[in-house]
Structures are given as structure tokens and as C-alpha cells.
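Below: the structure, in C-alpha cells.
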Number of protein chains: 2
Amino acid sequence: MGAALALAERGRGRTAPNPNVGCVIVKPASAQAGDRVVGRGWTQPGGRPHAEAMALEQAGDAARGSTAYVTLEPCAHMSPRGPACSTLLAEAGVERVVVALGDPDPRTDGSGIERLRAAGITVDVGIRAEDARRSMAGFLARQSFGRPHVTLKLATSLDGCIARADGESRWITGEAARAHAHLERARHDAILVGRGTFDADGPRLDVRLAGLENRSPRRILLSGSAREPDGWTVIDAPGRIGDLDAVDYLMVEGGAQTAAAFLRADLVDRLLLYRAPILIAAGMPALGDIGLDRIADAHGRWRGIDSRVLGSDRLDAYERIRD
Amino acid sequence: MGAALALAERGRGRTAPNPNVGCVIVKPASAQAGDRVVGRGWTQPGGRPHAEAMALEQAGDAARGSTAYVTLEPCAHMSPRGPACSTLLAEAGVERVVVALGDPDPRTDGSGIERLRAAGITVDVGIRAEDARRSMAGFLARQSFGRPHVTLKLATSLDGCIARADGESRWITGEAARAHAHLERARHDAILVGRGTFDADGPRLDVRLAGLENRSPRRILLSGSAREPDGWTVIDAPGRIGDLDAVDYLMVEGGAQTAAAFLRADLVDRLLLYRAPILIAAGMPALGDIGLDRIADAHGRWRGIDSRVLGSDRLDAYERIRD
């Protein structure tokens, strides 16, 4: 399932409105050989083919008697773009299917698993469900909240500044951290900045990493003015992000007022904090007012999920606790 | 040497003006037994006995033919408070001495090692010297700069605030982080706060940890007014810390202006950043102006030396790069 989860990452930010799923098909050990992987698939850009269809195509006849590991319940609904994956798995003669997470899509929601079992296939559900949830956070946010999953990215000094008081901000973090931030861009369908950042920096928001230039996400501008700059989509409030078509993963890149507006509306699901080992002091704070009434109210909202060294910088990732 | 370094920590913050040294005496393997530790010592409160004297006393006759691991070059100078450790080691019949770091004290500075060698003892120098340097940072700062080693402690939210805009600051960090900060207090000879923090919080600055209540450090107030509150020592500028008697480790605890004053004067050697997984936003920044002219000037000054989880908080430690 770990391998399937890793494959699922390949589609992240390019499969909306479909989930980014990963699938690995394993032929069990025989007298001739040990376990071997006969098919690997992940949801392709635009959402089709599905991960299972790709892995089955790769496996061919070897799928007969195999075990399929899938990060999401195989779909049960026919589509003009292809047959249901649960049907494909049954027809290919797969003997066992291991599923990380049930599909909340009302068109499937358990019926994919039912269909597999009806075909005599053994089905296990819930293996690494938590990891799968994170892996498909965009799809799940769209299903649960009718809006994309939102990551807020901040790059600060140790004392939490995003620039000097006069606005100078280059460079706070080093090359490794900036490259990582570009990689994160490629994992999002769209990136949003506010009018202030747009006017001050004229950001390109593209992915400047060799081989990933074509992964640059859509550019969204949060602005009260309807004037739409060339190559940009304008929304006038954070609450409008649900209207963005085919955007399941949205990254908010700045500045402080825009970040605060998303936090005030409780629309941030994940924080990426890149921190450089420098002190700026008396500089520009990372966040405008988010309307916190008491320190006590700030607790219990964020859970650390990753902390890593990037050159001389550190990245800490947090997710919003919503239970 | 690792064991000797660990023992050295026991004296930290209580041995000034003497260094906090650790010593382990090991009897080499014989036909009857393997290597065994026959003496353990660390500089006692007030600076005497020295680590070697304590370890030798414990070892007794077993010191004959042994190896002594010491974090600092044994002293060569007689004192009214006891004989030189290099003499004691030779008289006890120690065969080999392993030293982490040479003693920069002009009264020793190589002559301790010479005396050992003259007595026929094998001496190795430089084993884990970097760790020893950190372990005796207070003594070394006093020797090199004529002032204590200074740790600046900050406890902030993820966005670098030390309080809400109205001053509310309890609690940002959780119990584990606060207990760790109290342990750090016990490792310092003195703690300093500014007038603003003194007036606003009336801090006790004591060590509220079971068994360490008597380890509470001296309390120093940075203030333009000479009026000395009961139980406090007043200094009127960061540059006066060198005048503090028997203070080799000083911790600066706040607030933002005091921290900035020490940073402006380049008097901070170590940063302890406790960070809670909360966002305050538009709150009180951790630091007042430190006079940074360009972002580029902020780089290359701090090196990460520790990062650890404390409950739901994280502690990152940095040291000033001074080469």
C-alpha cells in the first residue's frame, strides 16, 4: 500500500475533479518465483484513465489470481469515459483487493466493494486509511466541504517575519527550501495571491524546476476589483474558492492579509512553514489579524505532521484538526 | 568521554568562575575483569573540588594504572583551595589521560598536559573537542570575551508572536516545554529580564521543578533606573554583563526590547526557540529592532544545533557562528 500511496502522489494537483489514486497489482509467490509486481497505475492528468485501469492494462493476463492494492475504493459507476474499475478488476480475474479508504462519492460509497465481493473477490478495507486521507485531501475536501483543500505557505525568519519593514524579502530561505516550495506548487491545481502581493511582486507563480516546467498551476488573484489580468482568474473573497472549476488543491502564497483572510474564514487545511536560521526583527509579520479573542482559543487547532531539514532551513508542516 | 561530558552538565550554572568539567576514570581490562569505571567526578558547586579530584577520591587505589577521561586539560596551578589536578593524577598512578579540550586559562594553557607527560603519563588531546566547547561555553566565553555566555530564550506561536496585541501570553507553550525551560534556568548562573517584563509580569524566574527548587539562578534586571528591587541585581546596559560576579551562564528571558538590545550588541551566543502549534497573528513580535540593514546581512550568523519535540511544541536551538 505504501507503493500505491507513492504512485498516487504523481497525479496530485492534476486529476481534479477526480481523486488522485494509486494502484499496485501483485502476483503472489509461486513455485517459480516470489511475489512480484505486475502492474502499477495512478490517476492520469485530467482524471482518466483511473489508477486501476492503468495497472490492469500493464498487468495483462498476469492479473489473473493477483492482489490489487488501491488507495481508494474502486468506482462502481459506468462513465462515458470508461467502464467501472470494480468491473474491470473482476473481469481481469483479480482474487483479492486491498483498499485504503472507502469512496465517499455517492455514486460509489460502498457499492464498489459490494460489486467486488459479489464477484467472489476477497476485499480488505482500511489499510493505511489515514495516509490515504492525506494523499487524497483535495478530493475529500471537495466531497466534504464543496471546496478545494487549501495549503497556506509561509517562508519566514526565526522570529516570524516574511520581510524587512521596508518590504525587502529576498532571500529569506535558501535554494533547497525554494526548490521544495516549487515542487509543492506542482502538487497543486492552483495558486492564489492577494492584490498586494500581485502589485508589489508581480509573481509568476510558475514551477521553475527542470522537467516540471509544464506543471505550473493555475493562477488565482484575490481582489476586490473584477479586472482580470491576463492569465489570471480573479475571485473576490476566500469563500468563493468552491466555485473554481477543476481545482481540488489550492495553495495560498501570500501576503499577510490574504493569509489572514483565509485563516479567519477557517479555510486553511495545511500549513507549510519554511523557516530560515536568520533573525529579521521589527519586520513584516507573516499574518494580519485573524480575529483571535483568547490565546486559549488558538490551541488544539493544528497538528504537526512533518518536520524536515532543507539545507540550512527547516520545513514544518501542520494540518488543521477537524474532529 | 561521552560519560565525562554528561557528568560535566551537572555543574553547569553553578561552578563559576571555574569551568564545569567532567571526569571518568576507567580501569583497563585484566585477567579478572573487563574495563570498569572506578571513579566519576564533576566540578562541584562553587568550583571546588575539581572533577578530577572528586573522581580520584572515589577511585582510591584503583586509580593506579587507569585511564582518566577529562573534558578539560587538568589544571597545573596550585591554589589555596587544593593541589593542581595534573599533580594529583600523576601521584595517583594514572597511566593515560584523554583530554577533550586544552585549557585557555593562562595559568594552565598547555602546562597541565606538559606536567602529565613529564610524569610519564600518555596524554591524548582533542577527543570530542567541539562537544566540550559547548559543554563549557560559559567558562570559554569568560576567557575569550570577558563576559558570560548568553542564551536568549523565546517562546512563540508559529507566526513568531510572544503574546496577543493586548499582552495576553498565557499559555503559549505547553507543560513539557515550560518544564524544559525551567530545567534550562537551572543550568544558568543568572537570568535577566528587562524593565518592561519586570513591571508587567513581576516574574519570579525560579526553577519550579521538583528537586531543583534550590537551583534557582540569580535575578538580573536590565534597567535605566538604579533602584534595585529586593533580590535583584540591576545593570543599565547589556555591555555590563561582564561585570556580574560569578556569572558564566546568563539567560535572557524577555521581553522583545531587551532581547533586541542584546542582539544589537551581538551578545547572544545561543537561541532557544520554543514554538507552540498555534497561530496568534497581529500579536506582539518576539523582537524589537535589531538594526538589520539588509536581509543578506542576517545570513550566516546562526547554526541549528538541536531540534526536538516537547509535547505538542518544538524546541529549536541555534548557536551564533563566530568563525
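Defining the label point at 7 Å along Cα→Cβ, can you sort the distances from B:Asp236 to the same site in each other copy, shortest first, in nm?
Shortest to longest, the spacings are 6.1 nm.
Apply the a/c threshold of 1.5 to the C-alpha gyration tensor of region A:148-320 and tell me whether it is rounded, prolate or oblate.
Rounded.
Considering only the other residues whose Cβ falls under 14 Å of the Cβ of B:Val309, what net charge follows from Lys and Arg at +1 and Asp and Glu at -1?
0
Nm distances between the label at A:Ala179 and the same-position labels in the remaining copies, 7 Å along Cα→Cβ, shortest first?
Between copies, matching label points for A:Ala179 lie 4.1 nm apart.
Hand me the trypsin sites (Lys or Arg not before Pro) from region B:226-300 located in a DSSP loop with no more than 15 other Cβ atoms within 10 Å, in residue order please.
Hits after loop and neighbour filter: B:Arg227, B:Arg294.
How far, in whole Å, is the closest Cβ of chain A from the axis that maps A onto B, and which residue does it belong to?
A:Gly160, 1
Taking the label point as lying 7 angstrom from Cα along the Cα-to-Cβ axis, what are the distances from A:Val125 to the corresponding position in the remaining copies, in ascending order and in nanometres?
Here A:Val125 shows inter-copy label distances of 7.2 nm.
Taking Rh as the Kirkwood radius, which is the inverse of the mean 1/r over Cα pairs, what is the Rg/Rh value for the protein assembly as shown?
Looking at the protein assembly as shown, the ratio lands at 1.09.
If you wrap region B:38-117's Cα atoms in a convex hull and average its projection over all directions, what's the area in nm²?
4.7
Just add up the charged neighbours of A:Asp201: K/R +1, D/E -1, any other residue whose Cβ is under 11 Å from the Cβ of A:Asp201.
Net local charge, A:Asp201 excluded: 0.
Can you find, among A:Leu7, A:Ala119, A:Ala100, the residue sitting farthest towards the positive end of the charge dipole of the protein assembly as shown, where Lys and Arg contribute +1 and Asp and Glu -1 at Cβ?
In the protein assembly as shown, that residue is A:Ala119.
Where a ≥ b ≥ c are the square roots of the eigenvalues of the C-alpha gyration tensor, would you call region A:211-251 rounded, which needs a/c under 1.5, or, failing that, prolate if a/b is larger than b/c, or oblate?
oblate
Rounded to the nearest 500 deg cm²/dmol, what is the calculated helix-only ellipticity per residue at 222 nm for chain A, with -39500 (n - 2.57) per DSSP H run of length n ≥ 4?
-6500 deg cm²/dmol
FYI, it's all coordinate maths here, none of it is from the lab. Everything numeric here is computed off the predicted structure, so don't read it as measured data. Neighbour counts run over all protein chains shown; Cβ positions are idealised from the backbone, glycine included.
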